[in-house]
Amino acid sequence: VKTIFGDVETRWVDAYFPFTHDSMELEVFFNGDWLEVLGCGVMQEKILQSAGMGPGNGEQVAWAFGMGLERLAMVLFEIPDIRLFWSQDERFLSQFQEGKITKFKPFSKYPPCYKDMSFWLPEQFEENDIFAMVRDEAGDLVEGVELIDQFTHPKTNRESRCYRINYRSMERSLTNEE
């Protein structure tokens, strides 16, 4: 445990697993919270009997334990919530590549609020200026800005662009009015 988590506080706590009795869990105090990393216990007699190892057959005793790979991955990739491992959310899945260890980048569980904005381009236009202006005004509520359409007027040669702004809060659902 110390090799994986470093010099952390540990504790054994009573637990319940359907295949053991006198079950225990090993928890480590990691990043300000207790994290279960290992479950164990004496295997139930009916499991041993069904394997031909119970009373009457030498009264064998077996110890079962398991270490959650998800828990280790949580530490390695700095993933805060074990439920993300069963998510099909591309924002989670796209962050990881085989053979690479990358730190998890948090994303919001709240829905996006999309707004489209179109305008005629001024003579001196740099696309990065629009990105900077949107982020200056909306701050961390902006998750992304992308060009979705452009148009050049056939007679005047003026150019228009339409950008989609994806607003999303990390703390709450946003309303259209916001």
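The table that follows gives values for the structure above.
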read-out: Residue in the range 151-165 that is farthest from THR175 (Cα to Cα), counting only those that are open to solvent by 70 Å² or more (accessible area, probe 1.4 Å) and in a strand (DSSP E or B); value: THR152
read-out: Matching entry among GLU36, GLU90, GLU98, GLU45 (being under 25 Å from LYS2 (Cα atoms) and among the acidic types (Asp, Glu)); value: GLU36
read-out: Selection within the range 91-106 - among the aromatic types (Phe, Trp, Tyr), within 29 Å of GLU178 (Cβ to Cβ) and either touching a Leu at 6+ places or on another chain (Cβ under 7 Å) or without any contact (Cβ under 8 Å) to a residue 24 or more places away in the chain (or both); value: PHE92
read-out: Cβ pairs under 7 Å, 6+ apart, first in the range 20-39 and on the phi > 0 side of the Ramachandran plot, second aliphatic (A, V, I, L, M); value: ASP22/VAL42
read-out: Residue satisfying all of: in the range 1-60; among the charged types (D, E, K, R) and under 27 Å from PHE77 (Cα atoms); surrounded by the fewest Cβ atoms within 10 Å (Cβ to Cβ) among these; value: ASP7
read-out: Candidates GLU137, GLU171, GLU126, GLU178, filtered to the one that is among the charged types (D, E, K, R) and closer than 21 Å to ARG91 by Cβ; value: GLU171
read-out: The range 105-150, residues that are open to solvent by 100 Å² or more (accessible area, probe 1.4 Å) and assigned to a strand (DSSP E or B); value: TYR114, TRP120, GLU146, GLN150
read-out: Identity of the residue in the range 166-178, acidic (Asp, Glu) and closer than 15 Å to LYS115 by Cα, that ends up surrounded by the most Cβ atoms within 10 Å (Cβ to Cβ); value: GLU178
read-out: Tabulated pairs, the range 59-85, first within 12 Å of PHE104 (Cβ to Cβ), second among the basic types (Lys, Arg) and at pLDDT 85 or above, C-beta under 7 angstrom, 6+ apart or interchain; value: PHE77/LYS103; GLU78/LYS103
read-out: The range 69-87, subset farther than 22 Å from THR3 by Cα and among the aromatic types (Phe, Trp, Tyr), residue surrounded by the fewest Cβ atoms within 10 Å (Cβ to Cβ); value: TRP86
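The values are calculated or read from the model by the stated rules, or taken from the named source; none is laboratory data. These numbers come from a predicted model, not from an experiment. All Cβ positions, glycine included, derive from the backbone under ideal geometry; neighbour counts span all protein chains shown. Surface accessibility is based on the protein's heavy atoms, side chains included, excluding ligands, DNA and RNA. Shrake-Rupley method; radii C 1.70, N 1.55, O 1.52, S 1.80 Å.
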